[in-house]
Amino acid sequence: MQSQNYSYPLNPSWSTAEMETVIVLLRAVEDAYEVGINRQEFLKRYRAFKQIVNSKAEEKQIGRDFEHESGYVLYRVVKQAQGSDARTIKMVGDR
């Protein structure tokens, strides 16, 4: 993995456990771009994320903020995971 020089978009009203869940998903997005990730594991992390961020508007804002910071696109990884039967997700040429 690359060394990151950016911060994760977090809501200060979230509990520590909620923040950890969001960070776990965003790290999964990083993995999808950098090394690949098991599709089922990614979807599991996304479902946990959606328990915290259940609003589409808030999800989009987090995605935009994360893309701005990292260059990685949450939406594209989610769509790839949901629309594929592949075992592993690896985003190629999409950064």
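The values are calculated or read from the model by the stated rules, or taken from the named source; none is laboratory data. Fair warning: this is a prediction, and the values are worked out from it, not measured in the lab. Here Cβ is always computed from backbone atoms with ideal geometry, including for glycine, and neighbour counts include all displayed protein chains.
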note = Within the range 1-29, the residues that are outside any loop (DSSP other than H, G, I, E, B), polar (S, T, N, Q) and surrounded by fewer than 15 Cβ atoms within 10 Å (Cβ to Cβ) are Thr16
message = If I go through the range 48-84 residue by residue, how many of them are free of Cβ contacts under 8 Å to residues at least 12 places away in the same chain and more than 19 Å from Tyr8 (Cβ to Cβ)?
response = 3
Pairs where the first residue, in the range 1-21, is under 23 Å from Tyr33 (Cα atoms) and the second is surrounded by fewer than 12 Cβ atoms within 10 Å (Cβ to Cβ) and at pLDDT 95 or above, C-beta under 7 Å, 6+ apart = Met1/Val35
